[in-house]
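The values are calculated or read from the model by the stated rules, or taken from the named source; none is laboratory data. Computed from a prediction, not measured in an experiment: that's the story for all the values here. Reconstructed Cβ throughout: ideal geometry from the backbone, glycine too, with neighbour counts over all protein chains shown. SASA here: full protein model, heavy atoms, side chains in, ligands and nucleic acids out. Shrake-Rupley method; radii C 1.70, N 1.55, O 1.52, S 1.80 Å.
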Amino acid sequence: AQKVTQAQTEISVVEKEDVTLDCVYETRDTTYYLFWYKQPPSGELVFLIRRNSFDEQNEISGRYSWNFQKSTSSFNFTITASQVVDSAVYFCALDPAGGFKTIFGAGTRLFVKA
Amino acid sequence: DVKVTQSSRYLVKRTGEKVFLECVQDMDHENMFWYRQDPGLGLRLIYFSYDVKMKEKGDIPEGYSVSREKKERFSLILESASTNQTSMYLCASSLEREGTQYFGPGTRLLVL
């Protein structure tokens, strides 16, 4: 079975704190894709990153960084020096190769307080 | 920029009504998707389409149907709305099979 688990339902931090959102996935496929999306209060999911299963390099984009570890089936997302505008629901997703059926986690709601 | 638009942000319908949710994308994407989003469950795929007039069931197709007569438009139809279909409905499109999906703003549907 394919599954994405985001164990953290809600996280609350104070501005400028670092925060890590956890994502654990299950799949038997050797080729797959992992994604992170952000859903701000406006409702529209916004793409953040896509990673294929053969690329375990960590990625940094400004204050955002992603740690992909196949050994633990995890694809965690860290926001450094969080800001109020980071408040949103964040979804981790798994896409099996050759398929259209993306599996989304339940999402983690992040509150960043000023 | 890819633009995905949905016909309504908020919709209130009565049980038994036929409901149409429209989605339009302007980037000539082959693939389009309909999801519903419920608290604690994330997004669940209802139907997807990989070409005009082609459609496939997702994980929760019961009670829904879809139509794709033109490449840019993908409609979700609730034949006879029920209260358990109260939810947020999100449309998305993508260029590649496992590619990034671009989402519309969502339609929050309340069935009374």
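Across chain B, counting alpha-carbon atoms alone, Rg and Dmax equal 13.0, 38 Å.
A straight Cα-to-Cα reach below 14 Å connects B:K71 with the aspartates and glutamates B:E22, B:D26, B:D28, B:E30, B:D51, residues fewer than 8 places away in its own chain not being considered. Counts of other chain beta carbons within 10 angstrom of each beta carbon in peptide B:33-40 average 3.
Legend: residues in the stretch A:91-113 shielded by at least 20 square angstrom of accessible surface upon adding the remaining protein chains to the isolated chain (1.4 Å probe, heavy atoms) are A:F91, A:D95, A:G98, A:F100, A:K101, A:T102, A:F104, A:A106. With both residues required to sit in the protein assembly as shown, DSSP beta bridges show an antiparallel share near 90%. Going from the isolated chain to the complete set of protein chains, the stretch A:27-52 loses at least 10 Å² of heavy-atom accessible area (1.4 Å probe) at A:Y33, A:F35, A:Y37, A:Q39, A:S42, A:G43, A:E44, A:L45, A:F47, A:R50. Averaging Cα coordinates gives a centre for the stretch B:1-62 and one for the stretch A:43-85; these two points are 26 Å apart. Contact order, relative form, for the stretch A:1-85: 33 percent (alpha carbon pairs under 8 Å, 6 or more residues apart, mean separation divided by residue count).
Taking one quarter of the surface of the convex hull spanned by the alpha-carbon atoms of the stretch A:49-114 gives a direction-averaged projected area of 5.3 nm². Between chain B and chain A, the total buried accessible area stands at approximately 1900 Å², from heavy atoms with a 1.4 Å probe.
Using the Cβ atoms and a cut-off under 9 Å, what net charge is assigned to the surroundings of A:V84, where Lys and Arg are +1 and Asp and Glu are -1? Taking every Cβ under 9 Å from that of A:V84, the sum is -1.
Structure note, pairs B:K13/B:K57; A:K113/B:K3; A:K3/B:K53; B:K3/B:K70: Cα-Cα distances above 20 angstrom occur for B:K13/B:K57; A:K113/B:K3; A:K3/B:K53.
For chain A, the share of accessible area belonging to carbon and sulfur comes to 49 percent (1.4 Å probe, ligands and nucleic acids excluded).
Peptide B:100-106 has a mean shielding of 6, counted as Cβ atoms of other protein chains within 10 Å of each residue's Cβ. The convex hull defined by the C-alpha atoms of the stretch A:3-113 has an orientation-averaged projected area of 6.6 nm².
Orientation-averaged projection of the protein assembly as shown equals 12.3 nm² [convex hull of Cα atoms, one quarter of hull surface area].
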